[in-house]
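Presented below is the structure to which this report refers.
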Amino acid sequence: MRASMWNTLEYDAQWCIGCGLCSDVCPHGVFGQDGGIAILLRPDDCMECGACQLNCPTGAIKVDSGVGCAAAMIYAALQGRRKQRQGATACCAPAQASCCESSQPSCCDNKRCC
Amino acid sequence: MQSNRDLGEGIPVRQATSQMTWVNYWDHFLARCGVNRGGHRVEPGLYALGHPTPHSPVFVTANYTLSFDALRSALAGIDGYILVLDTQGINVWCAAGKGTFGTDELVRRIEAVRLSDIVSHRHLILPQLGAAGVSAHEVKRRSGFDVEYGPVRAADLPEYLKRHQATEEMRRVRFSLIDRLVLIPVELVHMFVPTLLVAILLYAISRWLAAASAVAAILAGVVLFPILLPWLPTRDFSSKGFVLGGIVALPFALAMFQRSAAAPLWLRLSSALACLLALPPVTAFLSLNFTGSTPITSRSGVKREIFTYVPIMAWMFGIGMLLTVGVRLFQHLGGA
């Protein structure tokens, strides 16, 4: 179930074991703890960094994580289109400007390439 | 970082200090200006800070000098180990987003430096923002090491280490005025040549007023936008940029209108309108690009913004530029 209309965060409380890691790792205080399980405090503030999902040991949290960087996404879209035209697989990786601008292919190609 | 200790196995443990030198400060300055981006690196591996024993804590960081230096200077007076991951000169959070500051690299690095032979405990302290790339239970399963997420900022470590508990404040990213100001130099350096070219081109088409208006629109996006971010109305960055760009374009539109007082009214209105159409999307586009530098934007949010606003920006800018060129052509040919 979507937790907010602004992002892709989903949380299913029935899987929560109350380890508290989600509230530890979230840089925006999205999660809190109440009665031994995690609760959503500020779901609208989620920036989809993915830290909670990655550190939830039971998979109770899902988020379509990625970096919210317009420059990189537009760049990736343009690159993807060019590559598609060349017949190669498009890279849907949203990459942070700091990585892509420094033209380090290793960084951009690293993750989330389809 | 001077002397290397060898633990008899051929794996060096480098010595680090908490002392910052002018060389470090100069390096930080260059990094903040975007000079030699990606080149501000520390050799990955294990570093001894002070005189650590097998019971001393192990802190993990990225091999970006700003990250490494923030950590070692915050740990002044503390004996411990610093495990530097190879993030290709990228800071912890960005590298975590890419997965280079990640579970695989951490597990690999723990093995490469033979950490389990050096310390007697099985405990690592990671920066909180590294959690976007590291899965604590996976690290435990694959290496036997527990992961503890420390505070967001290294500067909070001394306070954090007293009870190994973070306050709300330590767990949150901030985006204060200072945080936003330090981002401006890099953008200015990046935009310098494009701005100059645009200014020269516009001077050729429509003299100094057009050139100045373009420079103002760009500076509004690069300098004013980061400063004014929390005070600009609306939620998304593009519309905030449109508001700011509109305000900046207004005096130029008035000046355009005033400039050719002898020209027919429709021509004066057209040149003013060209300003109001072409300038705001420039500021808005640069504002949209600032999303990548902030700790608050989400991928789905930015995607939505791109689909909503980039077409509007493109149309406004295109029509505005056509109008500018058209007005100039008419004035030249028609002798107005």
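The values are calculated or read from the model by the stated rules, or taken from the named source; none is laboratory data. It should be emphasised that the depicted structure is a prediction, and the values quoted were computed from it without experimental measurement. Backbone-built Cβ (ideal geometry, glycine too); neighbour counts: all protein chains shown. Just the protein is used for accessible areas: all its heavy atoms, side chains included, with ligands, DNA and RNA removed. Shrake-Rupley method; radii C 1.70, N 1.55, O 1.52, S 1.80 Å.
Summary of computed values
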{"quantity": "Qualifying residue in the stretch B:117-126 (condition: open to solvent by 30 Å² or more (accessible area, probe 1.4 Å) and among the hydrophobic types (A, V, I, L, M, F, W, C))", "calculated": "no"}
{"quantity": "Residues located in the stretch B:126-155, provided they are assigned to a helix (DSSP H, G or I) and either in contact (Cβ under 8 Å) with a residue 60 or more places away in the chain or over 23 Å from the mean Cα position of the chain (by Cα) (or both)", "calculated": "B:G130, B:A136, B:H137, B:E138, B:V139, B:K140, B:R141, B:R142, B:S143, B:A154, B:A155"}
{"quantity": "Output for the stretch B:326-336, where each listed residue is without any contact (Cβ under 8 Å) to a residue 40 or more places away in the chain and either open to solvent by 70 Å² or more (accessible area, probe 1.4 Å) or not in a loop (DSSP other than H, G, I, E, B) (or both)", "calculated": "B:L329, B:H332, B:L333, B:G334"}
{"quantity": "Restricting the stretch B:293-308 to residues that are at the interface with chain A (Cβ under 7 Å from one of its Cβ atoms) and not in a helix (DSSP H, G or I), the residue that is surrounded by the fewest Cβ atoms within 10 Å (Cβ to Cβ)", "calculated": "B:I296"}
{"quantity": "Top-ranked residue in the stretch B:157-168 [being more than 10 Å from chain A (Cβ to nearest Cβ) and under 20 Å from B:A70 (Cβ atoms); ranked as farthest from the chain's Cα centre (by Cα)]", "calculated": "B:K162"}
{"quantity": "The stretch B:302-325 residues that are outside the structural domain of B:T291 (by TED's automatic domain parsing) and within 23 Å of A:A76 (Cβ to Cβ), paired with ones that are open to solvent by less than 50 Å² (accessible area, probe 1.4 Å) and assigned to a helix (DSSP H, G or I) (beta carbon under 6 Å, 6 or more apart)", "calculated": "none"}
{"quantity": "So B:R141, is it basic (K, R) and away from every other protein chain (no Cβ under 14 Å)", "calculated": "no"}
{"quantity": "Pick from the stretch A:1-55, criterion in contact (Cβ under 8 Å) with a residue 40 or more places away in the chain, open to solvent by less than 50 Å² (accessible area, probe 1.4 Å) and touching a Gly at 6+ places or on another chain (Cβ under 8 Å), ranking: farthest from B:D236 (Cα to Cα)", "calculated": "A:E48"}
{"quantity": "All positions within the stretch A:56-78 that are closer than 17 Å to A:L21 by Cβ and open to solvent by less than 20 Å² (accessible area, probe 1.4 Å)", "calculated": "A:A60, A:I61, A:V63"}
{"quantity": "Residue check for B:A131: among the small types (G, A, S) and open to solvent by 30 Å² or more (accessible area, probe 1.4 Å)", "calculated": "no"}
{"quantity": "Any helices (runs of 4 or more DSSP H) falling wholly within the stretch A:1-108 and containing at least 3 residues that are modelled with pLDDT of 85 or more", "calculated": "A:21-25, A:51-55, A:70-85"}
{"quantity": "Sole residue being surrounded by 14 or more Cβ atoms within 10 Å (Cβ to Cβ) and among the small types (G, A, S), chosen from B:A210, B:A204", "calculated": "B:A210"}
{"quantity": "Matching option when the condition is touching a Phe, Trp or Tyr at 6+ places or on another chain (Cβ under 9 Å) and at the interface with chain A (Cβ under 10 Å from one of its Cβ atoms), among B:A62, B:A132, B:A154", "calculated": "B:A132"}
{"quantity": "Residue, farthest from the chain's Cα centre (by Cα), within the stretch B:169-186, restricted to residues that are more than 23 Å from A:S23 (Cβ to Cβ) and in contact (Cβ under 8 Å) with a residue 60 or more places away in the chain", "calculated": "B:P185"}
{"quantity": "Qualifying residues in the stretch B:100-129 (those that are of a type in the set (S, T, Y) and over 14 Å from B:K140 (Cα atoms)) - the one farthest from the other protein chains (Cβ to nearest Cβ)", "calculated": "B:S120"}
{"quantity": "The stretch B:213-228 - residue that is open to solvent by 20 Å² or more (accessible area, probe 1.4 Å) and touching a Leu at 6+ places or on another chain (Cβ under 8 Å) and, of those, nearest to B:R259 (Cα to Cα)", "calculated": "B:A216"}
{"quantity": "Members of the stretch B:89-116 found to be assigned to a loop (DSSP other than H, G, I, E, B) and either free of Cβ contacts under 8 Å to residues at least 12 places away in the same chain or surrounded by fewer than 21 Cβ atoms within 10 Å (Cβ to Cβ) (or both), listed by number", "calculated": "B:G99, B:R114"}
